[in-house]
Amino acid sequence: VKLDDEWAADPTTNMRVEVIAFESVSSELVRGIEQDIPLIPLVFLIMSIFTALCFARRNKVYSRSMLGVASVISVLLSIVFGFGLLFICGVPFTSITQLIPFLIFGIGLDDAVIIMGSYIRTDEKRDPAERIADTIDDIGLSLTLTTLTSAIAFRVGCTSSIPAVDWLCLYSCPTIIAVLLYQLTFFIGCIVLDERRIIARRRDICCCIKVHSEASSDENEAQGGLGEHIGESLHLRFVFV
C-alpha cells in the first residue's frame, strides 16, 4: 500500500500496485452486477411512459394509458418468472445475463402493441370477449410462431461451449415463452377490464371517477387520438419489419 501511494504521488510514474486474490473475479462480477441493477427499473419507467403515451388518446374515457402500463407489467412478470425458475434450478447468474431484461422488454412490448392494434381494428359494438376471440384468430398464430422461433434459437445456443453464453440462453428460453403466456392471459385480461371501464364511462387513470358530461364528440375524439395513431404506426412498423 505504501509503494502504491508513492507511485500515485509521483506524476512521472505510470505504474500502480494491484493484488489478485482467490475471490477477485467473483468480487468484480458482483460489483458489476450491482452497478447495472439500477438500469432495469429505469427501463421499466421509460417503457411505461412510452407505452402509456402510445395507448393514450385525447378523450379521457377512451384513452388507454393504464393499459400501456399493464403491458409493461406483464413483461416484468415474465422476467420474474423466468429468472425465478432458473434460480431454483441453480443456473449461475452472470453479468451477461443482465442483458436479458432489455431483450425481453423489446419482445414483450412488441407483442402487446400487435395485440392492441388488432383489437382496436375489431368492431367496437361487439362484446369484448368476442373481440378478443377475433384478435387471437388474427394474430395468435404469428405471435406463437415468432415466440417459438426465438425460444428455439436460444435453446440451440445452450449447446455453446462458452459457459456464459450457455447460461444466457438458458435464462432467455423460458423467459421468452413466459412473455407469450402472460400476454395471452394477463394482458388480454387487462384489455377486457379496460373495455368494461370504457363501457361504464370511467376515466382512464382515475377509473373511480365516472364521466357524465361528455357530449357527442366523444366518438370523434376517440377516433382522432394521438395515441391511436402512434399505436397503429408502431403496429405497421413491427409487421413490416
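Once fully extended, how much extra length lies between Leu148 and Ile73, figured as 0.36 nm per residue of separation less the alpha-carbon to alpha-carbon distance? Walk me through the numbers on the way to the answer.
Values: separation 75, 0.36 × 75 = 27.00 nm, distance 2.18 nm.
This chain segment gains 24.8 nm when fully extended.
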Under 5 Å, built H, 5+ apart or other chain: amide partners of Val91
none
Arg202 long-range amide H proximity, modeled H, under 5 Å:
Val211
In segment 93-179, if every C-alpha pair distance is counted and binned at 5 Å from zero, what percent goes to each bin?
3, 14, 20, 18, 14, 10, 8, 6, 4, 2, 1, 0
For Lys125, the lysines lying under 24 Å Cα to Cα, once residues fewer than eight places off in the same chain are dropped, come out as Lys60, Lys210
Per residue accessible area of segment 101-170, 1.4 Å probe, in Å²:
50
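Can you give me the % of accessible surface on segment 110-183 that is carbon or sulfur? Probe 1.4 Å, all protein chains present, nothing else counted.
Working: 2350 of 3580 Å².
Answer for segment 110-183: carbon and sulfur cover 66 percent of the accessible area.
Mind ordering 43-52, 101-110, 71-80 by average Cβ neighbours within 10 Å, highest first?
Working: 43-52: 17.5, 101-110: 19.3, 71-80: 22.2.
With the highest mean Cβ count within 10 Å placed first, the list reads 71-80, 101-110, 43-52.
The values are calculated or read from the model by the stated rules, or taken from the named source; none is laboratory data. These numbers were taken from a predicted model, which means no experiment stands behind them. Every residue, glycine among them, receives a Cβ derived from its backbone with ideal geometry; neighbour counts consider all protein chains shown. When the accessible area is computed, the model is the full protein with side chains, heavy atoms only, and any ligands, DNA or RNA have been set aside. Shrake-Rupley method; radii C 1.70, N 1.55, O 1.52, S 1.80 Å.
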